[in-house]
Structure formats: structure tokens, C-alpha cells
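All remarks here apply to the structure that follows.
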Amino acid sequence: ICLQVLKNLSGFGCRLLAYDIYKNPEAEKLATYVDQDTIYKECDVISLHMPLFDSTYHIINHETIAKMKDGVILINCARGGLTDIDALVDGVECIVHEDRRTDIISNRNWFYLHQFRNVIMTQHMAFYTKEAVESMVRCGVEGIVQMEKTGSCSTMLTK
């Protein structure tokens, strides 16, 4: 569970449900822990914040999508492998459809998902805020200056 997400959402007065194999005492103050099926059946918004393991690979698939409420919002803040893209295409396609399957593009399913107005994809780009970019640039420049002056820097990679 991403504790910060729970903290942010708690201010809206919504009912927060959580699932994790390890319960976090801080999260329990904000959310009710339930089983996975309850998450799928009852949540209006499902937000994924978990590592990609064999046990979580395609945790969102045809079976789990079929359990979800109509109009559910699915947010994957973690790894792409948590979701079965074919299942997402099928699930979203049944709601809103503009057929582009005959377009000649590589990685068709990723682009196919983009066409739906109820899909937002930020894989490996969700960090890309103004503040994050400024921090990366500042750290990079500071590192270069430090390397020039001393021959090393605090962020230098070593073997």
C-alpha cells in the first residue's frame, strides 16, 4: 500500500479499502484492509502500488477485470507487467470503442489503449514533473562541477 496515497485521499472523506499481504499499522488508521475480490468488486478507483513479482504479474487480467464495477478507474502507479494489456484492451473496448486495429504501428496494444478517453498511460513517466526535472538537472550540473573540482562527486557510480 502506498501510505502517501491513503493520506492524500483521506482528506476527501471517501471510504478507503486496501489490500496487502503485509498490513501496515499506519495504513490501518486510514483504510480498511479487505481481500482482493472485495477490492475488485467494491472500489470505484483501484490504484496499484506494488513491485512486479511472479505473484503480481498480470494481477489485473480478464478474470479480475470481470469482477470490477462498471466505470471503475484503474491507476497503475507501478510496473506495466502488473496488467495484462490484452485484458485491458478487451475490458476498455467494451465501454468505448474506436477501431484502430488495422493501423500499422509497433506495439499495437499500447497505442490501441491510448485511443480510449478513459485511459491515461504514464508508464515510466509519472515522475516527470517540473520539480523532478529541475532536481535532476540541478543534481547533474552540481555533480559535473564537483567532479571538475575534486575528481569525484557524491552521486558517482562505483563498481
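Surface composition of the chain: carbon plus sulfur atoms contribute 55% of the solvent-accessible area (1.4 Å probe, protein chains only, all chains present). Close amide H partners of residue 47, meaning residues 5 or more places away or on another chain with modelled amide H under 5 Å apart, are 75. Solvent-accessible surface of the chain, taken per residue with a 1.4 Å probe and all protein chains present: 73 Å².
Once backbone amide H atoms are built at 1.01 Å from N, residue 18 has 32, 33, 34 as its partners under 5 Å, excluding neighbours fewer than 5 places away on the same chain.
A Cβ-based charge dipole, computed about the Cα centre of the chain with Lys and Arg at +1 and Asp and Glu at -1, lands at about 480 debye. Per residue, the average separation of C-alpha pairs within less than 8 Å and at least 6 apart gives the chain a relative contact order of 14 percent. Taking a Cβ cut-off of under 9 Å around residue 33, the surrounding Lys, Arg, Asp and Glu residues balance to a net charge of -2, with basic ones at +1 and acidic ones at -1.
Projecting the Cα atoms of 3, 119, 53 onto the charge dipole of the chain (Cβ charges, centred on the Cα centre) puts 3 farthest toward the positive pole.
Springs join every pair of Cα atoms under 10 Å in this Gaussian network model of the chain, and among 139, 94, 43 the largest mean-square fluctuation is at 139.
Within the assembled protein chains, the solvent-accessible surface assigned to residue 116 is about 0 Å², based on a 1.4 Å probe.
Rounded, prolate or oblate: which fits the range 1-101 when a ≥ b ≥ c are the square roots of the eigenvalues of the alpha-carbon gyration tensor, with rounded for a/c under 1.5 and prolate only if a/b beats b/c? Note, shape of the range 1-101 comes out prolate.
The values are calculated or read from the model by the stated rules, or taken from the named source; none is laboratory data. Remember, predicted model here, so these are calculated numbers, not experimental data. Note: ideal-geometry Cβ built from the backbone for every residue, glycine included; neighbour counts use all protein chains shown. Just so you know, the surface numbers come from the protein's heavy atoms only, side chains and all, with ligands and any DNA or RNA stripped out. Shrake-Rupley method; radii C 1.70, N 1.55, O 1.52, S 1.80 Å.
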